[in-house]
Amino acid sequence: MRRAILILVPYLWLLALFLVPFLIVLKISLSDAELSIPPYTPKLDLTAGWAGIKEFLAGLDFENFEFLTTDDLYWKAYLSSLQIAVISTVMSLLVGYPIAYGMANAPDHWRPTLMMLVILPFWTSFLIRVYSWMGILSTEGYLNQLLIGMGLISEPLTILNTNTAVYIGIVYTYLPFMILPVYSALERMDASLLEAAEDLGCSRITAFWLVTVPLSRNGIIAGCFLVFIPAIGEFVIPSLLGGSRTLMIGKVLWEEFFNNRDWPVASTVAVILLLILIIPIILFQRNEQKQREAEG
């Protein structure tokens with residue numbers, strides 16, 4: 001009985017916070033847009049019982065899903081979001097791995113402090129941190145003032161309202177999600193394996209690529225998924241740092257909901273985005289399961 005209750009709690013959590021909202025969004029995606037409050041007419045009437053369900057299934061159509069294929073905006077937004085998410089994930093790995101490696105090789109008494117410095121940005125509001133980057137990257141911002149003061153440039157650089165600013169914002173925001181799993185994997189690594197590799201003739205660089213990187217693979221995979229999954233649906237960062245030139249599906253979704261008030265199309269966009277994210281989520285769960293089995 002206790003085991004059943006323990007298993008039931010997370011399933012109820014997923015049912016209430018994932019499955020039910022998804023079914024509501026799916027229901028709206030199969031509805032018709034109307035000039036009303038709410039701005040759609042549902043085709044599924046649950047109050048009519050099985051008769052309403054049969055009527056809904058008989059007249060079921062995927063008009064909103066077909067509409068997305070007729071407009072280049074949506075598939076371009078999906079591809080652009082995918083590109084930005086992949087590049088941001090790679091950049092986060094290139095920046096985060098050396099930091100995690102340095103933390104794992106730091107003296108024991110320094111590690112809690114370094115860990116606190118990595119987590120410290122979470123103590124500040126996410127929105128405030130993004131707004132601060134607007135002040136740093138703007139034409140009159142601190143970055144351009146610093147570069148001009150050092151004599152590296154003669155006129156301000158245009159960074160804000162470009163994809164470059166979006167990359168900076170995403171990497172900065174999600175960098176801890178890359179550092180922490182990589183650090184966890186590196187911290188558990190047996191240092192004697194590196195010594196054995198060097199005794200067998202490997203240089204430090206060769207031992208790093210042949211021993212350290214493979215042993216930290218699980219942390220790298222986990223970090224990449226933790227950055228990629230939220231980055232592909234990001235809305236705040238491209239809206240504030242990317243401006244109108246940056247095309248991401250999160251912005252399109254917000255505009256359909258609040259500007260166009262086309263809830264069925266917006267829900268359709270959300271459903272497709274969720275279906276796209278299911279693939280990396282399943283891969284991430286399988287990687288975590290394999291890691292737990294290997295540790296057990």
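The values are calculated or read from the model by the stated rules, or taken from the named source; none is laboratory data. Bear in mind the structure is a predicted one, so any value in this text is a computation, not a measurement. For neighbour counting, all protein chains shown are included, and Cβ atoms are generated from backbone atoms with ideal geometry for every residue, glycine included.
Just a few scattered comments:
- Residue count, region 8-35 (criterion: among the hydroxyl-bearing types (S, T, Y) and surrounded by 11 or more Cβ atoms within 10 Å (Cβ to Cβ)): 2
- Residue within region 270-281 that is touching a strand residue (DSSP E or B) at 6+ places or on another chain (Cβ under 7 Å), closer than 26 Å to D32 by Cα and surrounded by 14 or more Cβ atoms within 10 Å (Cβ to Cβ) present: no
Conditions (1) over 18 Å from M103 (Cα atoms); (2) of a type outside the set (D, E, K, R); (3) surrounded by 20 or more Cβ atoms within 10 Å (Cβ to Cβ), marked per residue:
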site: S154; (1), (2), (3): yes, yes, no
site: G169; (1), (2), (3): yes, yes, yes
site: I179; (1), (2), (3): no, yes, yes
site: A185; (1), (2), (3): no, yes, yes
site: R188; (1), (2), (3): no, no, no
site: L193; (1), (2), (3): yes, yes, no
site: E198; (1), (2), (3): yes, no, no
site: C202; (1), (2), (3): yes, yes, no
site: R217; (1), (2), (3): no, no, no
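- Verdict on I28 being touching a residue at least 60 places away in the same chain (Cβ under 8 Å) and touching a strand residue (DSSP E or B) at 6+ places or on another chain (Cβ under 8 Å): yes
- Region 117-168: number of residues that are free of Cβ contacts under 8 Å to residues at least 24 places away in the same chain and not β-branched (V, I, T): 23
- Flag for R129 being of a type in the set (D, E, K, R), under 25 Å from the mean Cα position of the chain (by Cα) and within 25 Å of M178 (Cα to Cα): yes
- Helices (runs of 4 or more DSSP H) fully within region 111-162 counting 1 or more residues that are more than 18 Å from T173 (Cβ to Cβ) and charged (D, E, K, R): 111-119
- Any hit, region 11-26, residues being modelled with pLDDT of 80 or more, under 22 Å from L274 (Cβ atoms) and touching a Leu at 6+ places or on another chain (Cβ under 9 Å): yes
- Screening T70 with (1) under 28 Å from the mean Cα position of the chain (by Cα); (2) surrounded by 17 or more Cβ atoms within 10 Å (Cβ to Cβ); (3) of a type in the set (S, T, Y) gives one miss only, at (2).
- Residue match in region 285-292 (condition: closer than 22 Å to Y74 by Cβ, out of contact with any Pro (no Cβ under 8 Å at 6 or more places or on another chain) and not hydroxyl-bearing (S, T, Y)): no
- Residues of region 132-154 that are under 30 Å from P181 (Cα atoms) and among the hydroxyl-bearing types (S, T, Y): S132 alone.
- S203 vs. criteria without any contact (Cβ under 8 Å) to a residue 12 or more places away in the chain and either closer than 17 Å to I170 by Cβ or not acidic (D, E) (or both): yes
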